[in-house]
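Here is the structure we will look at, set down as structure tokens.
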Amino acid sequence: MTSPRTAAGPAAGRAAPVVLRNVRLGSGGPLAHLVVEDGRIAAVVPGGESAGSGEGVDAEGRTVLPGLVDAHVHMVQWASARRRVDLSAAASAAAASRVMAEAARGTRLPAGEPLIGFGFRDGLWPDRPEPGLLAWSDAAGRPVALVSNDLHTAWLNRPALHRLGVADHPSGVLREAECLDAVARLGAADPATVDRWVADAARAAAARGVVGLIDFEYADNLADWGRRAAHAPLDLRVTCAVYPAHLDDAVARGLRTGDVLPDTGGTVRVGPLKLFVDGSLNTRTALCNEPYPGMPAGGQEYGLLQTEPAELERLMAYAARHGIHSAVHAIGDRANTIALDAFERTGCPGRIEHAQLIDRSDLPRFARPGLVLGIQPAHAADDRDIADHHWAGRTDRSFAYAELARAGARLEIGSDAPVAPLDPWVGIAAAVHRTGADGRPGWHPEQALVLPDALAAAAAGRAGLRVGDRADLVVTDGDPAHTTPRGLAAMGVFCTVLGGRFTHRADWG
């Protein structure tokens, strides 16, 4: 991974080094000592030689890898979801209502504070959400909201709708933009409380080897993360997505994608403009070339186009003129074609988020220079049954990571937390083995990534460690190449290092 006994310049005037002793340089790599100074890898010393003094730890042969970066997170929603009612096991709308009713009986929330459930998947439910199923909650006056696992659907009782200023609604079910807005408003807490939740979630992420993330929270992320970084050093590097409502402000401030926000210790950067072409698979709003089974004709049987191509291209071009890249949400095959067309016509760099179903004729276009695909392999395991039903006959080209990699696409792995846990090892294992926690045989294993590619995709493209690199590192308890699928998903983390600073240590202090 690097040549031994090389250094990154003179040591004069530098702080005492940090030394990771007896680490293996990558999966199956040689034993060495890694010396870190001024936040960068300063030297790699062969095992058996002296690495000098300094703070450090004996890793006893554990594996060191580039630190992991979750390329797609909704951080406030993830931090909040860790405190919400778990609806992931609800097999029907009626069952979800019963789970919420039981939670309401036992809650210690102050009267009037919203009770929010998260994680339902209604794509295969035998019934549908409707107001009568939440009638038990209306008389109490407490707002109740149930949020789908994909974040694209929210089911609200009447007090919740009234709090949002909606006097009447036929079903109480909000989708897409209305849903995102409703969840953000109902789940709002005072900034100090939210920041504590986020800091707690960030520490938990660091404990899984995460050194950075791209935050796609539906909020003014630059302002929020600037405030957090000013209050205390962050345990993660954060790239902040910009939504159209905040684009003009970013332009007026002269901010460009990749810029470091001042007074954040170098940990907060300007990210891309977030735009949507379509919705989601579970909600049947992902825009496809073929209709969804059972959907009535003449409506949205092909999914939902959220942004017209001309408007998409206008926004992307405007942002690009001011140095801001775009991140385009596209899940269905038709949506991905539209996104690729927009990148070609505007000529700007950026990202396509999700790319869950592709048209194979588009494969070469995903290798466009300057284009990154943000993928979420855990979704392939979680949504396999829904995909088999709603995308029947097409799943050989859904979550098609192997084909995309062979075509030359640059892949970056994220969780889409809270849609999946903010745990990169779950995504790495799903990418390599095409299976999830249920242990079922791999789904379309021909689309699996090889482990080195998956590890690089989970580390923002870093595939090795070199002298002079920023010391964002993870030391794992086991060798990722020599473990079971479940062992890979549950990989133990010995320590995490961010710019030479330990953000997580296991039981050694």
So what J values fall out for the stretch 396-409 if you push phi through Karplus, 6.51 cos²θ - 1.76 cosθ + 1.60 with θ = phi - 60°, rounded to Hz, Gly and Pro as x? 5, 10, 9, 6, 8, 5, 5, 5, 5, 5, 5, 6, x, 5
Mean Cα-pair separation over length for the stretch 343-409, i.e. relative contact order, pairs under 8 Å, 6 or more apart, %: 44
Taking the stretch 271-318, how much of its Cα-Cα pair set, in percent, is spaced more than 17 angstrom apart? 41
Once you order the gyration tensor axes a ≥ b ≥ c over the Cα atoms, which shape class does the stretch 355-460 get: rounded for a/c under 1.5, otherwise prolate or oblate by comparing a/b with b/c? oblate
Give, as a single signed number, the net charge of other residues whose beta carbon lies under 13 Å from the beta carbon of Ala402, with Lys and Arg counted +1 and Asp and Glu -1. 0
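Starting from the exponent 0.38 and prefactor 2.2 Å, build the expected Rg for the stretch 283-345 from its residue count and divide its actual Cα Rg by it.
Compared with the compact-globule rule of thumb, the stretch 283-345 sits at 1.27.
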Taking amide hydrogens as modeled 1.01 Å from N in the peptide plane, which residues meet the under 5 Å criterion relative to Leu287, leaving out close sequence neighbours? Gly279, Leu304, Ile331, Gly332, Ala335
Once amide hydrogens are built 1.01 Å from N within the peptide plane, the residues lying 5 or more places from Phe494 or on another chain with amide H under 5 Å from its amide H are Val475, Thr476, Asp477
Under the Karplus curve 6.51 cos²θ - 1.76 cosθ + 1.60, θ = phi - 60°, whole-Hz ³J(HN,Hα) for the stretch 417-429, x wherever Gly or Pro sits: 3, x, 4, 10, x, 6, 8, x, 5, 4, x, 4, 5
Counting sequence-distant residues (5 or more places) and residues on other chains, those with an amide H built under 5 Å from that of Ser415 are Ala71, His72
Virtual paramagnetic centre 7 Å along Cα→Cβ of Ala188, amide N under 20 Å, in the stretch 155-171: 155-168
For Arg196, the accessible surface traced by a 1.4 Å probe with all protein chains present amounts, in square angstrom to the nearest 10, to 150
Checking the a/c ratio against 1.5 first, then a/b against b/c, what shape does the Cα gyration tensor give for the stretch 156-237? prolate
Can you tell me, using C-alpha contacts under 8 Å and at least 6 residues apart, the relative contact order of the chain as a whole percent? 18
Suppose every Lys and Arg Cβ carries +1 and every Asp and Glu Cβ carries -1, with no other charges. What dipole size does the chain come out with about its Cα centre, to the nearest 20 debye? 860
Dipole in debye (nearest 20) - the stretch 381-509, about Cα centre, beta carbon charges: Lys, Arg +1; Asp, Glu -1: 360
Rounded to whole angstrom, the alpha-carbon centroid of the stretch 100-154 lies from that of the stretch 14-68 at a distance of 50
Which one of Tyr318, Gly303, Ala330 has its Cα pushed farthest toward the positive end of the charge dipole of the stretch 281-362, where Lys and Arg give +1 and Asp and Glu give -1 at the Cβ? Tyr318
With Cβ to Cβ distances under 14 Å as the rule, what net charge do the other residues near Ala81 carry (K, R +1; D, E -1)? -3
With a probe of 1.4 Å, find how much accessible area the chain has per residue, and write the answer as a whole number in Å². 39
Read phi for every residue in the stretch 286-295 and hand back ³J(HN,Hα) as whole Hz from Karplus 6.51 cos²θ - 1.76 cosθ + 1.60, θ = phi - 60°, with x for Gly and Pro. 5, 7, 10, 7, 10, x, 6, x, x, 7
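Keeping every protein chain in place, order Asp168, Asp200, Asp195 by accessible area at 1.4 Å, biggest value first, i.e. largest first.
Asp168, Asp200, Asp195
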Can you compute the helix-only [θ] at 222 nm over the chain? Use -39500 (n - 2.57) per DSSP H run of at least 4 residues, normalise by all residues, nearest 500 deg cm²/dmol. -8000 deg cm²/dmol
Could you order Ser27, Ser92 so the one with the most accessible surface comes first? Probe is 1.4 Å. Ser27, Ser92
Solvent-accessible surface (1.4 angstrom probe) belonging to Thr283, in square angstrom, nearest 10: 10
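Compute the relative contact order of the stretch 69-187 as a whole-number percentage, counting only Cα pairs closer than 8 Å that sit 6 or more residues apart in sequence.
Details: 180 pairs, mean separation 26.2, N = 119.
Value for the stretch 69-187: 22 percent.
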Going out from 0 in 20 Å bins, what whole percent of all Cα-Cα distances in the chain drops into each bin? 23, 55, 21, 1
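The values are calculated or read from the model by the stated rules, or taken from the named source; none is laboratory data. Worth saying up front: this structure is predicted, and the values here are computed from it rather than measured. So basically every Cβ, Gly included, is an ideal-geometry build from the backbone, and we count neighbours across all protein chains shown. These accessible areas exclude ligands, DNA and RNA; they are computed on the full protein's heavy atoms, side chains included. Shrake-Rupley method; radii C 1.70, N 1.55, O 1.52, S 1.80 Å.
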